[in-house]
Amino acid sequence: MTSSAVKATIKSIQTLKVDPVVHPSLVVQGSSGTHDHSNFLIVKVILSSGIEGIGEVSGTLGWSGEDSGTAEHAIRTVLMPILIGQPISPVENLLSKVEIALAASPFTKAGVATALWDAYARSLDITMADALGGAIRTEVPIKFSLSGDKARIKHVYEAAIKMGFGAFKLKIGKDPVDDGDRFAYARQLVGKDTFLGTDANTGYRRSEARHAVSLMREHNPAFLEQPVAAGDLQGMHELKELGIPVVADESVFTLDNLVAVLRAEAADVISIYVGKSGGPSRAVEMGRIADAFGLDSVIGSNGECGVGAAAQLQVACAMPGLSMRFPSDIIGEYYYTAGIIETPLNSDGRVVHLPDAPGLGVVLKPELNAKFK
Ligand SMILES: [Mg+2]
């Protein structure tokens with residue numbers, strides 16, 4: 001029998017669907033679709049001690065086949081029965097039960113895992129980063145996504161500049177010639193010394209990716225994110241040989257995926273999401289493994305709201321090997337017309353700062369608290 005400073009058990013789990021609308025100025029148009037609203041689920045874990053933890057299922061049907069509807073169904077049908085009544089500590093035991101009860105569904109697991117870690121950390125009056133092993137850093141560099149035609153790129157860039165952003169990536173992956181032209185335009189717009197990468201979201205065949213690189217190279221792309229299909233690790237490896245850092249995003253959901261990318265030497269940088277990896281502790285583990293193999297990590301985004309963004313930040317601060325050279329995608333509530341947390345994360349657009357408060361360090365707006373079921 002182990003002893004723990006946290007004796008509380010899980011009394012109940014509640015959920016709330018949120019459907020935030022992306023600010024019209026900031027809508028992201030990628031090669032796999034347009035993200036103009038979200039259907040996310042906020043998960044609340046209530047302990048016998050009265051302490052509560054929150055998490056966000058930031059899933060989209062196009063990414064992992066998950067949204068607020070699938071997540072709510074999975075949580076009510078299989079996760080509530082195995083979690084309610086269980087001790088909150090050790091959290092890893094609860095995550096093992098979740099892993100057995102529910103196949104795939106990484107963003108759903110991540111929302112639940114975030115709420116469990118939040119409740120645990122709040123019980124100990126420490127930050128989630130501390131609960132995950134300790135804050136290695138307290139600020140994280142961030143960037144903003146540009147997309148669409150030239151008028152759209154300019155519009156979003158100007159909105160992002162007003163918010164203080166100074167690093168960017170351009171969504172590409174539809175047509176190499178048009179992308180080369182748009183990238184040249186974006187480079188001219190942001191200036192030659194500004195950090196500007198690319199994200200093709202798996203949109204190219206290998207030959208198209210090579211063509212796009214040949215057109216963009218003179219304009220100095222900082223990285224090439226997921227140029228080809230998620231499973232085409234040989235293609236990623238060959239593109240990496242062209243000398244522009246390759247970022248693996250869609251190629252890496254699970255630990256198995258990460259090991260495959262490491263074996264194939266398919267990337268220089270891994271884009272780790274709290275959602276893709278199945279939760280905060282899994283994400284930190286993946287960063288640690290990538291770091292052990294000499295790879296950088298960044299925290300990637302699926303348009304998280306305030307709770308999901310807070311989880312990204314806690315993970316980023318606890319993750320060994322998080323890149324300071326390649327900014328992460330912790331944008332959070334900047335995207336949306338209405339936020340869900342009382343006080344947004346403290347960011348000047350260049351970096352985002354870890355809050356001092358326990359757990360995730362954010363609090364839901366009180367009007368939302370009344371709506372959980
Ligand atoms: Mg990406």
Legend entry - Distance in nm between pseudo-label sites at Lys192 and Glu92 (7 Å out along the Cβ direction from Cα): 5.1 nm
Legend entry - For the chain: relative contact order, % (alpha-carbon pairs under 8 angstrom, 6 or more apart): 20 percent
Inset, instruction - Enumerate the aspartates and glutamates that Lys365 could reach by cross-link, defined here as Cα to Cα under 20 Å, with residues fewer than 8 away along the same chain left out. - result: Asp19, Glu52, Glu56, Asp118, Glu304, Glu333, Glu342, Asp356
Inset, instruction - With label points built 7 Å along Cα→Cβ from the Cα atoms of Leu242 and Arg350, find their separation and express it in nm. - result: 3.2 nm
Inset, instruction - Calculate the length of the line joining the C-alpha centroid of region 302-341 to that of region 159-195, in whole Å. - result: 21 Å
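Going by average Cβ density within 10 Å per residue, which order do the peptides 257-264, 96-103, 197-204 take, highest to lowest?
Highest-to-lowest ranking by the protection proxy: 197-204, 257-264, 96-103.
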Legend entry - Pairwise Cα inverse-distance average, inverted: Kirkwood Rh of the chain (Å): 20.6 Å
Inset, instruction - Give the span of region 74-157's Cα atoms along each principal axis, as three whole-Å numbers ordered largest to smallest. - result: 55, 32, 15
Legend entry - Kirkwood Rh, angstrom, region 10-126 [1 / mean 1/r, Cα pairs]: 14.8 Å
Legend entry - C-alpha long axis of helix 206-216 to longest principal axis of the chain, angle in °: 70 degrees
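Tally the DSSP beta bridges in the chain and give the antiparallel ones as a percent, rounded to 5.
55 percent
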Inset, instruction - Could you tell me how many degrees, from 0 to 90 and to the nearest 10, lie between the Cα long axis of helix 91-101 and the main elongation axis, the longest principal axis, of the Cα atoms of the chain? - result: 80 degrees
Legend entry - Spatially proximal lysines relative to Lys143 (Cα-Cα < 24 Å; intrachain offsets below 8 disregarded): Lys154, Lys162, Lys169, Lys171, Lys174, Lys192, Lys240, Lys276
Legend entry - Contour excess over end-to-end distance, with Cα ends at Phe293 and Arg76 and 0.36 nm allotted per residue: 74.2 nm
Inset, instruction - Provide the FRET efficiency to the nearest 0.05 for the His219-Glu99 pair, computing r from the beta carbons and using R0 = 51 Å. - result: 0.70
Inset, instruction - Excluding residues fewer than 8 places away in the same chain, name every one of the aspartates and glutamates whose C-alpha is closer than 14 Å to that of Lys373. - result: Glu72
Inset, instruction - Could you bin all the Cα-Cα distances of region 216-373 into 5 Å bins starting at 0 and give me the percent of pairs in each, rounded to whole numbers? - result: 2, 9, 18, 19, 18, 13, 10, 6, 3, 1, 0
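We did not get these values from a lab; they are worked out from the coordinates using the rules stated. Note that the structure is predicted; figures quoted are calculated from it, not measured. Glycine gets a Cβ as well: all are built from the backbone with ideal geometry, and neighbour counts include every protein chain shown.
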